[in-house]
Amino acid sequence: MELKDAMLELIRRATTDLSPDVENAIQQAYDREDEGTPAKSVFGTIRENIALAREASTPICQDTGSVIIYIDFPVGEPETKYKEAAEWAAAEATKLQYLRPNAVDPITGKNSGNNVGTNAPYLHFHQWDKDETRVRLMLKGGGSENVGAQYKLPDSVLHAGRDLKGVKKVVIDAVQKAQGQGCAPGVVGIGIGGDRVTSYALSKEQFFRKLGEKSTNPDLAKLEEELYEDLNKLGIGPMGFGGKTTCLGVFAGVQHRHPATFYVAISYTCWAYRRKQMTIKGSEVTYD
């Protein structure tokens, strides 16, 4: 399979076929809700939507999101071939209606019409000492992106200090303020440390992890577990209708910071948690 066709298939899978870990989490949420409640009804509709999208190979959501691609490739290979393939695949996927045109020039207000523009798709390249290429794709919806937040610790209003207790307070505050916007239930990605840019980047990169996957850092694993429990006690529920499930999962990452700063970035993704990856080794392509 040619690289550009493999990229197109990756996009098709991401936008039409929800990953098993996410679908299982939604099924569990459905099972937890009481019969006859709005939450139960919402989750029932979501389950039907997932099945119909897969069967018809049509987008799970009308907002097919921004196209974000992380590419790890062998040392010495040119970035240009991956960039050209990604841009072709984004344009072709738009033509085939797997993607909605979502690339707008902020100055002119003009939509490019094919999801290709400045930093669209957004591509992150990394060379590694392997003889294979890994391509990770995320389709990030605009509604969920709007409820992301960044905090600078200490925060006197929330009484949040420069520690994991402070991190926990600001994450709960961000989800509480979202109040079901961004198409809850969602997944929360947390970036601790770094500067304003890298804390957000780290928070969003957490979305490449699978639900149920714990941090290898025991302190962060404990934070993730505690936040998952506390966020689901907020009672916001799916789409803000109330219920037992406000959050499907929590992922946290950490990086070193400047002594004068302590940023915590919170990225939020909706229940249509769309991310896929493919591995290319020689002429073989595998999808996950």
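With the full set of protein chains in place, find how many percent of the accessible area of segment 143-269 is carbon and sulfur; take the probe as 1.4 Å. Taking all protein chains in place, segment 143-269 shows 55 percent carbon and sulfur surface.
Taking a sphere under 14 Å around the Cβ of G141 and counting the other residues whose Cβ falls inside, with K and R at +1 and D and E at -1, yields a net charge of +3.
When GluC sites (Glu not before Pro) are flagged only if DSSP places them in a loop and at most 14 other Cβ atoms lie within 10 Å, the longest unflagged stretch of the chain comes out as 36-131. With the chain treated as a Gaussian network of Cα nodes joined by springs under 10 Å, which of V175, V157, V254 yields the largest mean-square fluctuation? In the Gaussian network model the winner is V157.
Among the chymotrypsin sites (Phe, Trp or Tyr not before Pro) in segment 157-241, none sits in a DSSP loop with a Cβ that has at most 11 other Cβ atoms within 10 Å. The heavy atoms of T261 present about 30 square angstrom of accessible area, all protein chains included, probe 1.4 Å. Of all the options I172, I46, I107, the one that moves most in a Gaussian network model of the chain with Cα springs shorter than 10 angstrom is I107. Solvent-accessible surface of the chain, taken per residue with a 1.4 Å probe and all protein chains present: 49 Å². Annotation: cysteines of the chain without a disulfide-compatible partner (Cβ-Cβ under 4.7 angstrom) are C61, C247.
In the assembled protein chains, M239 presents an accessible area of approximately 70 Å² (probe radius 1.4 Å).
The trypsin sites (Lys or Arg not before Pro) of segment 201-288 that meet both conditions, a loop assignment by DSSP and at most 12 other Cβ atoms within 10 Å of the site Cβ, are K233.
Net length available on complete extension from R32 to K281 is 85.5 nm, with 0.36 nm assigned per residue and the Cα-Cα distance removed. Specify the residue with the greatest mean-square fluctuation among G109, G142, G212, computed from a Gaussian network of the chain linking alpha-carbon atoms under 10 Å apart. Taking springs between Cα atoms under 10 Å, the residue moving most is G109. The heavy atoms of V197 offer some 110 square angstrom of accessible surface to a 1.4 angstrom probe.
Estimated from helices alone, the mean residue ellipticity of the chain at 222 nm is -12000 deg cm²/dmol (sum of -39500 (n - 2.57) over DSSP H runs with n ≥ 4, per residue).
The values are calculated or read from the model by the stated rules, or taken from the named source; none is laboratory data. This structure is a prediction, so every number in the text was calculated from the model and none was measured. Backbone-built Cβ (ideal geometry, glycine too); neighbour counts: all protein chains shown. These area figures cover heavy atoms from the full protein model, side chains too; ligands, DNA and RNA do not enter into them. Shrake-Rupley method; radii C 1.70, N 1.55, O 1.52, S 1.80 Å.
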